[in-house]
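Below: one structure, written as structure tokens.
The values are calculated or read from the model by the stated rules, or taken from the named source; none is laboratory data. As the structure is a prediction and not an experimental result, all values here were calculated from the model. All Cβ positions, even for glycine, are placed from backbone atoms using ideal geometry, and neighbour counts span all protein chains on display.
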Amino acid sequence: MGCMRKQAAVDFIFKRASVRREEPVLEQGQGFAPVNIALSKYWGKRDAELNLPLNSSVSLSLKLGAKTVLSQNCSKTDQTDLLRINGQALPANSESRRRLVAFLDLFRPYPAFYFNLESESEVPIAAGFASSAGGYAALVLALNHWFGWNLAVEDLSVLARLGSGSACRSLYAGFSLWKKGEDDVLGLDSFAQDLDIVWPDLKLALCVINEGKKQLDSRTAMQHCVNTSPLFSAWVEHCEKDCHNIVKALERKNFKQLGEEVEANALMMHAVMQAARPAIFYSQPETLAVIRSIGALRAQGLNVYFTQDAGPNIKLLFLEADRAAVWAALGTRSLVSCN
Ligand code: PMV
């Protein structure tokens, strides 16, 4: 019952594109999608069922991502969806399995059709590395391939958003802009688009502080902030400006402006979390140590900035020309080059 509006959105897209809900056209379907890191964050929904955001956001896709292969589970004895991520079956009563099955229900051709899904993630799961974004986008691409839908990329972006909000930005390499949209009925104008900006010298590296699973998933944390953080309305008001300025800095390839805006946006998101009641802290002492050393390095003239998502890890932004200096300064920590 809970997914009726999601189903209505899928049905609308299918009808508009003349897609019929039929059996797959191939033995198996495959999809790869990159994970994306938000430069201007999505934090807060105006509609929790459809994952409609309160603000627009911009991201950079990495070369790391998720690969998903789909086929039909025709077993007579095991009549259920077989869902494996990195070779491990999702635990029977887990929230991640429940979410994924509910998403697959939107596309199941008939009730006794069971999926066999194998997904490989190149980044740690549920640790603030945006693994679910790559995962849901790769799944939508695999479905599109397997069922032969031939949907336009914007439609695929809407479908990915129904799985996980930020997944709608993972349909593209490079920079994507997710406009929040105005349609509150089915949310069909809330999808990401390719920004068509090429800036190969802009680099992102992960500074791994903790690869463990996070305590609180972003979905719950976001809603808790919407409901309880007194800073939330200021955040929403400011976000569209940040998003606009970040797009402008990307267009102008103004690294200093970009870095300052990106950092300020991430810090404001974490301030919103810390003002929630009870407060949410994703940072660990080591996270703050890295943030402080980035500030100190900048004071010494090294152009490095950071962003942080719903986890303790830090993502560094720098220009290719400064790569060796960044590694020399921070390389005692675990750095992973991402694009
Ligand atoms: O799409 P979700 O529910 O995983 O939320 C993503 C939230 C952030 O990563 C913190 C921000 C963003 O825009 O990616």
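Summary table
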| item | result |
| --- | --- |
| Selection status of GLU95, within 13 Å of the ligand (Cβ to nearest atom), more than 15 Å from the chain's Cα centre (by Cα), more than 20 Å from LYS15 (Cβ to Cβ) and not basic (Lys, Arg) | yes |
| Unique residue being in contact with a Pro (Cβ under 8 Å, 6 or more places away or on another chain), under 25 Å from TYR42 (Cα atoms) and at pLDDT below 95 when the list is SER121, SER131 | SER131 |
| Pairs, first charged (D, E, K, R) and part of a loop (DSSP other than H, G, I, E, B) in segment 37-52, second within 12 Å of the ligand (Cβ to nearest atom) and at pLDDT 95 or above, C-beta under 7 Å, six or more apart | LYS41/SER57; LYS41/ASN265; LYS41/ALA266; LYS41/MET269 |
| Residue that is farthest from ARG298 (Cα to Cα), among those in segment 312-333 that are of a type in the set (A, V, I, L, M) and surrounded by 14 or more Cβ atoms within 10 Å (Cβ to Cβ) | ILE314 |
| Residue match in segment 190-201 (condition: among the polar types (S, T, N, Q), within 14 Å of the ligand (Cβ to nearest atom), in contact (Cβ under 8 Å) with a residue 12 or more places away in the chain and assigned to a helix (DSSP H, G or I)) | no |
| Some residue of segment 55-74 being assigned to a loop (DSSP other than H, G, I, E, B) and under 23 Å from PHE107 (Cα atoms) | yes |
| Residues (among the acidic types (Asp, Glu), within 21 Å of the chain's Cα centre (by Cα) and at negative phi) located in segment 184-202 | ASP189, ASP194 |
| Which numbered condition ALA102 misses (of (1) hydrophobic (A, V, I, L, M, F, W, C); (2) more than 16 Å from the ligand (Cβ to nearest atom); (3) at pLDDT 95 or above) | (2) |
| Unique match (being surrounded by fewer than 23 Cβ atoms within 10 Å (Cβ to Cβ), closer than 27 Å to PRO312 by Cβ and among the small types (Gly, Ala, Ser)) among SER121, SER166, SER170 | SER121 |
| Wholly enclosed helices (runs of 4 or more DSSP H) of segment 243-330 bearing at least 3 residues within 16 Å of the ligand (Cβ to nearest atom) and within 25 Å of CYS225 (Cβ to Cβ) | 255-275 |
| Lone qualifier among SER157, SER166, SER131, SER170 - being over 23 Å from PHE12 (Cβ atoms) and within 14 Å of the ligand (Cβ to nearest atom) | SER131 |
| Qualifying residues in segment 219-236 (those that are touching a helix residue (DSSP H, G or I) at 6+ places or on another chain (Cβ under 7 Å) and in a helix (DSSP H, G or I)) - the one farthest from the ligand (Cβ to nearest atom) | PHE232 |
| Residue list for segment 153-183, restricted to those being part of a loop (DSSP other than H, G, I, E, B) and within 17 Å of the chain's Cα centre (by Cα) | SER164, TYR172, ALA173, GLY174, LYS179, LYS180 |
| Residue identified as closer than 19 Å to SER132 by Cβ, assigned to a loop (DSSP other than H, G, I, E, B) and within 14 Å of the ligand (Cβ to nearest atom) among LEU216, LEU206 | LEU216 |
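For (1) farther than 24 Å from ALA130 by Cα; (2) within 16 Å of the ligand (Cβ to nearest atom); (3) β-branched (Val, Ile, Thr); (4) more than 17 Å from the chain's Cα centre (by Cα), each residue gets a yes or a no:
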{"residue": "ARG20", "(1), (2), (3), (4)": "yes, no, no, yes"}
{"residue": "GLN30", "(1), (2), (3), (4)": "no, no, no, yes"}
{"residue": "THR68", "(1), (2), (3), (4)": "no, no, yes, no"}
{"residue": "THR77", "(1), (2), (3), (4)": "yes, no, yes, yes"}
